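The values are calculated or read from the model by the stated rules, or taken from the named source; none is laboratory data. Just so we're clear, the structure is a prediction, and the values are computed from it rather than from any experiment. Because the Cβ atoms are built from the backbone with ideal geometry, glycine has one as well, and the counts that use them run over all protein chains shown. SASA here: full protein model, heavy atoms, side chains in, ligands and nucleic acids out. Shrake-Rupley method; radii C 1.70, N 1.55, O 1.52, S 1.80 Å.
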Amino acid sequence: MLKAGGETEKVGNQYEFNIVTLYYAKLLCDEVLYVQSESYDSAIAQGLDIRVLTKDNKMHAIQAKSRNGLDDKWTISKLKQYSVIKNACHHILNGSTFILVSPLSYSLLSDWCRQAKAFNDIEYFEKNIITKTAHQEFQELLAEIKSYWNDSNRNILDFFKFFHIETIPDNKQYIINALSGEAHIIQAEQAYELLDHYPTKHNKIAISVYVSEIRNFLEKNNITFYIIDKPAASNALSDLQNKFINNLKRGLINNNWIERQEYKELRRILNAGNVAIISGNAGTGKSGIIYKLCTDLKSNNSIFLPLSFEVNRPNNNLHEYGKSLGFSTSPIEVLKELANNNPCYLIIDQVDAINWEQKDWNSTFEACCSIVKQCSNIKNMKLVLACRTIDANNILSFWESSAPDLSKCKIELSNLPVHTISSAITAKQFGLLSNDAKKLLTNPRNLKLYTEIIKDKDYVPTNDIIHDFIETKQQELVNKGFNSSEIKELHSFLVNKMRDNESTTLSTHILEEKFSDGIINAYRSAGVIEITHNNLIKFSHQSILDYYLVKDILDEYDKCHDASKILKIYNACPIGYLHLIQHFIEALYGEDDYLAQLDNVLSCKTLRPQIKNIAMRALKTLPSSEATNKLFIKILRNPEYGLKYLP
C-alpha cells in the first residue's frame, strides 16, 4: 500500500471514488457542508467509506458497495455477509444517518424505511405495514438488528428511520450528469477526470473537504459553471406560470373562484413556515386552491414556479429536467437566482401522480427527494405540495430527515357548504334538487361537471354525474356531425391505454396513429381531454379516468360478488391504484351485504395492510348501529384481522 501523509493510504475501488465525486457535486450545490473520504479512526471508520455533514448539521455515514459478484438486488443474507446491518447499527447509535450506496436495490427494505417515519412503536409498525408474505423476512432482519442494538434507551424503530439505501448505477456517466445537473458545471466530463481519485491524488484521505477548495481547484483548471441568463429565465418562468394558470382555470366552476376558508389557512401556514401540504379526496378542489395561490402570487409579482407531476414528471438529472421546462439548468437554481434572497415558491400539484407510473419509479422518487433537499437548503424558498389524502403521509418520505410536522403544515380539504351550489346554478335548478343531490354537489368536481351537464335545462339526475358528463359531451359532438362509434372508440382507447401503461397521460402521437386530428381536437374542445405543453394527452379531470377504471373493477365484482376476491387481484398493484380501491369500496356502500363485504376484506389474510386500512376507514365512516358495533368488537377481539391497532 502507498503512503500518504505518514499514514497508510486507503484506496477504494472505482465505484467508491465515483461516489466521492458524486458527493463533491452535492458539495458544489450546497447540499452538504463537507465531504470526508474514509477515516483512520477505527471507531469512526467501521464500514465507512464517506462521511458528510449536511446543511442542517446532520452527520451521514456512507458505505459504498459495488456489485462485485452480488446478485441483482440486496437480501438479508447479503447485508449480513458485508456487515451492512452491523455497520449501520454502530453509526446510527452514534448519532449518524447511515446510507448504503449501491447499484443494487432492496425495494422492500426501502419501503419499510420510508414508512417507518410515521410510526413510533415497532409493534404498531409491524401490525400495520408488514404483510404476511414479508413477515419472516422482517423477523430475520429484526433479529439481526437486535444483535447489534446495544442501547436500550434508543427505539429500535430508529434503525429504519435512519437507514437508507441509495441506488446509484455503477457508471461514470451518472456522475458526469450530476456534475452537470446538480453542480451546474459546463465541462462536466473534464471535471469528472479532475475529481476522480481526488482524495488520494491530493492527500485528502480522512480530511474534510469544503466547497471553496473544490470550486477553487476546478476554476484553476479552467472549469466553468453555468451562469443563469436572468431575462431568459424570467421569460421562461412567466410562460410556465401563464400556461399552468390557464390550464387550471378551465377546471373552475363557471370559470369563477369560490372563496374557501382553507385558502386562508394555506396563507397562514406559508407565512409561518416554509412547507404546506394540501390534501383531500378526489374532486375536493386541490387544484382550485393552487389556482388561487398562483393568481395571487402573480398579481403581487412574486417569484414562483408551478408544476404538475402528472405533466412534468421529474427525473434524477435536475439540469436536464430544468431544460425540459425551458430553463438553462435546474429549476431550483433558477428560482434561487431570480428570487435573490427574497421569498419564492415552488408549487407542485398532483404529487401523487408519480405513483401511477412504475417505470423509472426509483429515479423519479430520488428526483423528488433531491428537489425537496435543495428547496430546504435555500433561504426563503417555500414549498407547496398537493396530493390526495391517501398519499399525504407518503410525501414525508421525500425528506431524509427533519420531515415537516403534518399537524402544522397540512390542510385537509373538505366539500363546499351547500349554499355555494346556489351561486353556480339558477334558483329554479337549485330548488328542484333533493337534499341528497345537494350533498353530492358540495363536492367541487361534481358541481363543475353538473354545471356542464345541466346548462339550460331545469333538472337532470345526479346519480351518475361523470357518466352523464361524458354522455353529454359525446352527444354534443354527434350533434355537430361526428361519428358516435368513433367518439366512443376514442374514449375507450384512451382509458385502456392509460390503464395498460399505468399512467394518467398518453403521448399524442399514439392517439394520432389511430385517430384523426379532427376528432381529437373536437374531444379536446368539448372539455373531456387536454393536451399539455409537452404533447401529452390527459383527461380534463383525473376522476374521469378513475371512474372508468373503477367501473372495470365493479364489472368484475358483479360477476363474483366477492370484494375480497376482487381486491386480491389488486394486492400487488402500484401505489397509485390505492385510491381506486378506495373508490371501489365506497361504491359498494348501499348494497345489502356491505358490512359482510367489509368483514371479508378485513379478515382476508393475504391482503396487504394498506388495502385493509382503506376498508377500515370506510367502516369508521358508517353511522353507528348494532351491526357496525358488532363488527368493530369482532375486529378488536380477533387477531386474524391483523388490525389490533386501529388506523
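Structure notes:
- Per residue convex hull volume, Cα atoms of the chain, in Å³: 177 Å³
- Considering only beta bridges that DSSP places wholly inside the chain, some 40 percent are antiparallel.
- Using R0 = 22 Å, the C-beta based FRET efficiency linking Asp111 and Asp72 works out to 0.80.
- Largest first, the residues Asp30, Asp592 sort by 1.4 Å accessible area into Asp592, Asp30.
- Part-to-part distance (alpha-carbon centres) for the stretch 112-153 and the stretch 611-626, which is given in Å: 27 Å
- Tilt relative to the chain, helix 361-376 - C-alpha long axis, 0 to 90 degrees, to 10: 80 degrees
- For the stretch 41-152: accessible area per residue (Å², 1.4 Å): 45 Å²
- Base-10 log of normalised Debye intensity for the stretch 196-278 (one unit scatterer per alpha-carbon) at q = 0.18 Å⁻¹: -0.96
- If you sort Phe162, Phe119 by accessible surface, 1.4 Å probe, largest first, the order is Phe162, Phe119.
- Pairs exceeding 28 Å between alpha-carbon atoms, taken from Lys438/Lys497; Lys438/Lys559; Lys565/Lys634; Lys264/Lys298; Lys55/Lys204; Lys55/Lys127: Lys438/Lys497; Lys438/Lys559; Lys55/Lys127.
- Remark: C-alpha extents of the stretch 254-352 on the principal axes read 38, 29, 25 Å, sorted largest to smallest.
- With all projection directions averaged, the alpha carbon convex hull of the stretch 45-168 covers 7.8 nm².
- To the nearest 10, the accessible area of Arg250 is 130 Å² with a 1.4 Å probe.
- Annotation: Cα Rg of the stretch 501-613 relative to the compact-globule expectation 2.2 N^0.38 Å equals 1.32.
- Note on Ser624: accessible area approximately 100 square angstrom, rounded to 10, probe 1.4 Å, nucleic acids and ligands left out.
- Between the alpha-carbon centres of the stretch 402-427 and the stretch 445-494 there is a gap of 27 Å.
- FRET efficiency for the pair Lys630 and Asn435, taken as 1/(1 + (r/R0)^6) with r the Cβ-Cβ distance and R0 = 25 Å, rounds to 0.25.
- The alpha-carbon atoms of the stretch 392-534, seen along their principal axes, cover 57, 45, 23 angstrom, with the largest extent given first.
- Annotation: per residue accessible area for the stretch 471-571 equals 47 Å², rounded to a whole number [probe 1.4 Å, protein chains only].
- Ordering of 546-552, 121-127 by burial proxy (mean other Cβ atoms within 10 Å per residue, highest first): 546-552, 121-127
- Asp558-Lys220 FRET efficiency (beta carbon distance; Förster radius 60 Å; 0.05 resolution): 0.25
- Only DSSP H runs of four or more residues enter the estimate; each adds -39500 (n - 2.57), and after division by the residues of the chain the mean residue ellipticity at 222 nm equals -15000 deg cm²/dmol.
- Surface accessible to a 1.4 Å probe, His467 within the full protein complex, Å²: 60 Å²
- P(r) tail fraction, the stretch 310-433 - alpha-carbon pairs more than 18 Å apart, %: 62 percent
- Scalar couplings 3J(HN,Hα) for the stretch 181-198, obtained by applying the Karplus form with A = 6.51, B = -1.76, C = 1.60 to θ = phi - 60°, are x, 9, 8, 6, 8, 6, 8, 5, 5, 5, 4, 4, 5, 5, 8, 4, 6, 4 Hz; x denotes Gly and Pro.
- Residue-wise HN-Hα coupling along the stretch 85-102, computed from phi with Karplus coefficients 6.51, -1.76, 1.60 (Hz; x: Gly, Pro): 5, 4, 5, 4, 4, 4, 6, 5, 5, 9, x, 9, 8, 9, 10, 8, 9, 7
- To put it simply, the accessible area of the chain at a 1.4 Å probe is 47 percent carbon and sulfur.
- In degrees, nearest ten, helix 444-454 long axis to first principal axis of the chain (Cα): 40 degrees
- Summarising the amide proton neighbourhood of Ser507: residues at separation of 5 or more, or on other chains, whose placed amide H is nearer than 5 Å comprise Ile537.
- Distance from the alpha carbon centroid of the stretch 249-280 to that of the stretch 164-234 works out to 40 angstrom.
- Annotation: aspartates and glutamates with alpha-carbon distance below 20 angstrom to Lys292 (same-chain offsets under eight excluded): Asp239, Glu259, Glu262, Glu265, Glu310, Asp349, Glu412.
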